[in-house]
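These notes concern the structure reproduced below.
The values are calculated or read from the model by the stated rules, or taken from the named source; none is laboratory data. A quick note: this is a predicted structure, and the numbers were derived from the prediction, not measured. Counting neighbours? That spans all protein chains shown, and the Cβs are built from the backbone with ideal geometry, glycine included. Calculation scope for accessible area: heavy atoms of the full protein, side chains included, ligands and nucleic acids excluded. Shrake-Rupley method; radii C 1.70, N 1.55, O 1.52, S 1.80 Å.
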Amino acid sequence: MLSKVLLKKDWKQVSLLWILLVFLGVVAFTVPVWTQMQVYEEQIRNIQENPSDYLDVVQEDVETMNTEDFFNSNSDYGYLGGLEALIPMGVVLFLYVIFGALMASVLIGSERNSQMSDFSMSLPYTRTQLYISKWVIGITGIIATTLVGGTLMFLIIRLSDYSFLLEGNEMKVLGLILFLLLSGISFFSVSLWMGSFGGEAISQVVWTFVALVFPMGILLLIQGSLFAFSPNASYLFFEEAFESVPMRILSPLNNIINTDMYLIFDSRAEWTEFLTIGLSSPIIFIVLTFGLGLWMFKESPQENNGRFFMFSNWLWLIHIIIIICFAMFGGVFFSGIFYPQSVTLYLVGFVIGAFLAHLLAKRLLYRFNLKLKS
């Protein structure tokens with residue numbers, strides 16, 4: 001059961017961020033729509049005022065063409081633009097990434113920075129209740145932002161001169177708004193989960209960035225390493241892996257990349273795939289990160305608050321992973337700056353990357369870890 005006391009406590013911590021997210025979310029959903037409409041109007045006006053400059057593409061009498069004719073892919077002019085250009089997915093997703101990390105770091109990381117988490121743990125509530133309260137406060141901000149901003153965006157298009165673009169595409173626009181909502185919750189959920197790794201706010205943000213890029217990053221490093229040794233080999237496996245369902249579940253960024261907003265409006269097959277995979281992947285990811293975050297929040301040692309990494313008995317594993325990743329990156333970088341690629345250069349870069357990663361890991365996981373705690 002959720003406690004009103006906990007919700008009020010967590011609300012006080014992120015209320016300003018919560019309100020700012022809703023405000024900026026409304027701006028992110030609506031301003032780009034107005035801007036793109038102005039671009040369309042300028043393009044149409046330019047064609048109407050200078051028809052001689054478009055004789056190679058405009059076969060009709062410009063004076064008889066209405067606004068809809070400029071967007072008809074079957075017209076003589078061609079395709080001026082479409083509904084997909086009016087939906088500001090990139091701006092909204094960027095906002096959710098930033099504010100998801102900020103709110104999560106305030107709810108957990110900043111508590112540990114200020115030692116307020118000791119007070120929270122002393123309250124007559126379980127760690128499960130503490131974590132769920134923080135998660136609910138965070139996702140309600142994303143839900144409110146999407147509902148208000150998405151509704152205004154939909155109404156702006158519906159009440160504009162470009163409402164014809166919505167005809168028959170209402171469900172697809174609503175599906176994309178739902179996709180933005182689920183992606184935003186995914187970013188917040190993974191960031192809150194990383195609060196169980198990092199013992200303070202900055203390290204939580206760092207681990208959030210690592211968690212978001214690691215699934216795709218490690219696959220790219222393995223692909224680059226194999227390519228350095230066998231440049232003529234076929235690597236269709238990696239292309240299929242990037243588009244696979246497991247990768248789309250493990251990486252919300254990968255799921256976004258594989259969601260082609262333009263084809264959703266033109267291809268029935270793409271729309272069906274979006275409904276079955278594009279929307280289900282973030283749901284599974286949210287359930288997964290919420291469960292892992294709740295479990296690790298309950299298991300995280302309170303005495304390690306303030307450290308860069310909370311679980312001291314896992315330091316050796318993180319140390320090894322950092323070395324391997326940086327070593328492969330060094331090898332790929334060194335072998336890629338020269339053509340043709342050289343295995344020798346890869347090995348040199350691998351060794352240099354591993355050595356630098358070892359020094360970095362020692363400072364972050366051991367020396368810096370203890371310094372933060374003190």
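Numbers for the structure displayed
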item: Residues located in the stretch 225-254, provided they are open to solvent by less than 30 Å² (accessible area, probe 1.4 Å) and at pLDDT below 85; result: Ala228, Phe238
item: Pro231, sole failed condition from (1) part of a helix (DSSP H, G or I); (2) not assigned by TED's automatic domain parsing to the domain that holds Met89; result: (1)
item: Answer residue from the stretch 268-282, given it is in contact with a helix residue (DSSP H, G or I) (Cβ under 9 Å, 6 or more places away or on another chain) and hydroxyl-bearing (Ser, Thr, Tyr) and is most open to solvent (accessible area, probe 1.4 Å) among those; result: Ser280
item: Criterion violated by Phe309 - all others in (1) open to solvent by 50 Å² or more (accessible area, probe 1.4 Å); (2) outside any helix (DSSP H, G or I) satisfied; result: (1)
item: Failed item, numbered, when Ser281 is tested on (1) more than 26 Å from the chain's Cα centre (by Cα); (2) in the same structural domain as Tyr125 (by TED's automatic domain parsing); result: (1)
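Yes/no per residue for (1) open to solvent by 10 Å² or more (accessible area, probe 1.4 Å); (2) among the polar types (S, T, N, Q); (3) without any contact (Cβ under 8 Å) to a residue 12 or more places away in the chain:
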position: Pro88; (1), (2), (3): yes, no, no
position: Val92; (1), (2), (3): no, no, no
position: Tyr96; (1), (2), (3): no, no, no
position: Leu107; (1), (2), (3): no, no, no
position: Asn113; (1), (2), (3): yes, yes, no
position: Met116; (1), (2), (3): yes, no, yes
position: Tyr125; (1), (2), (3): yes, no, no
position: Thr128; (1), (2), (3): yes, yes, no
position: Ile132; (1), (2), (3): yes, no, no
